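The values are calculated or read from the model by the stated rules, or taken from the named source; none is laboratory data. What you see is a predicted model; the values in this text were computed from it and never measured. Neighbour counts are summed over all protein chains in view; Cβ atoms, including those assigned to glycine, are modelled from backbone coordinates with ideal geometry. To get the accessible areas, we keep the full protein, side chains included, count just its heavy atoms, and leave off ligands, DNA and RNA. Shrake-Rupley method; radii C 1.70, N 1.55, O 1.52, S 1.80 Å.
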Amino acid sequence: LLLAKYASGMVMLAALVVVTLVAGLVAGAIVFDLGPLPTLSGTTLTLEAAIGRIAASGAYMTLVLSGVVAIGMFLTVRTDSAAGATIGAVVITIMSQILDQIPSLHAIHPYLPTHGWRGFTGLFRFPVDWAPMQAGARVSLGYTAVFMTLALVSFRRRDVLS
């Protein structure tokens with residue numbers, strides 16, 4: 001049941017990422033027209049290459065958001081309130097983003113669940129900078145593994161029949 005709920009959450013999240021990317025592409029096409037995309041390094045990508053990298057950035061964002069979804073799944077088995085679990089996951093996400101902006105806390109930055117979220121910008125450099133994406137994916141997969149394991153263990157101990 002819990003894994004089905006997690007899968008459902010990830011599918012909805014992926015759909016939201018796709019909607020966001022499509023809306024951004026449509027708005028960009030209206031305002032700037034479709035054509036070559038300048039990179040952050042000063043080179044230019046063809047339209048096909050740009051769309052491919054935009055799609056890859058969406059896949060990356062879905063991957064790194066999986067850690068937050070796992071935290072939400074853990075919170076759902078620790079509370080009887082679905083709204084409480086959702087709000088808890090949002091609060092943890094916002095707190096992580098705030099802590100990531102405080103320079104004196106630089107020692108904990110690599111371990112925050114939202115630290116690698118901007119790693120997708122490496123896709124828009126030449127050559128592609130994979131290091132931030134790899135670090136972000138490792139942290140997010142770590143959060144996913146830990147919090148889904150905790151959620152499954154907690155759920156197995158819960159009395160769902162009474």
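Does residue 70 fit the bill of being assigned to a helix (DSSP H, G or I), in contact with a Phe, Trp or Tyr (Cβ under 9 Å, 6 or more places away or on another chain) and surrounded by 12 or more Cβ atoms within 10 Å (Cβ to Cβ)? In short, yes. Cβ-Cβ contacts under 9 Å between residues 6 or more apart (or on different chains), taken from a first residue in the range 1-28 that is touching a residue at least 40 places away in the same chain (Cβ under 8 Å) to a second residue that is surrounded by fewer than 11 Cβ atoms within 10 Å (Cβ to Cβ) and assigned to a loop (DSSP other than H, G, I, E, B), are listed as 1/160. Of all the numbered requirements in (1) on the phi > 0 side of the Ramachandran plot; (2) part of a helix (DSSP H, G or I), residue 42 misses one, and that requirement is (2). Return a yes/no flag: does the range 92-101 have any residue that is closer than 22 Å to residue 7 by Cβ and part of a helix (DSSP H, G or I). The answer is yes, given that some residue of the range 92-101 is closer than 22 Å to residue 7 by Cβ and part of a helix (DSSP H, G or I).
Counting the residues of the range 63-86 that are touching a Leu at 6+ places or on another chain (Cβ under 6 Å) and closer than 12 Å to residue 10 by Cβ gives 1.
For residue 118, state whether it is over 16 Å from residue 71 (Cβ atoms) and in contact with a helix residue (DSSP H, G or I) (Cβ under 8 Å, 6 or more places away or on another chain). Against the criterion (over 16 Å from residue 71 (Cβ atoms) and in contact with a helix residue (DSSP H, G or I) (Cβ under 8 Å, 6 or more places away or on another chain)), residue 118 qualifies. Reported count of residues in the range 105-148, each being outside any loop (DSSP other than H, G, I, E, B), open to solvent by 40 Å² or more (accessible area, probe 1.4 Å) and over 24 Å from residue 21 (Cα atoms), is 7.
Listed here are the residues, each with its yes/no results for (1) modelled with pLDDT of 95 or more; (2) under 21 Å from residue 149 (Cα atoms); (3) open to solvent by 60 Å² or more (accessible area, probe 1.4 Å).
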{"position": "5", "(1), (2), (3)": "no, yes, yes"}
{"position": "11", "(1), (2), (3)": "yes, yes, yes"}
{"position": "22", "(1), (2), (3)": "yes, no, yes"}
{"position": "27", "(1), (2), (3)": "yes, no, no"}
{"position": "43", "(1), (2), (3)": "no, no, no"}
{"position": "53", "(1), (2), (3)": "yes, no, no"}
{"position": "60", "(1), (2), (3)": "yes, no, no"}
{"position": "76", "(1), (2), (3)": "no, yes, no"}
{"position": "86", "(1), (2), (3)": "no, yes, yes"}
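What about residue 156, is it of a type in the set (Lys, Arg), surrounded by 12 or more Cβ atoms within 10 Å (Cβ to Cβ) and not in a loop (DSSP other than H, G, I, E, B)? The answer is no for residue 156.
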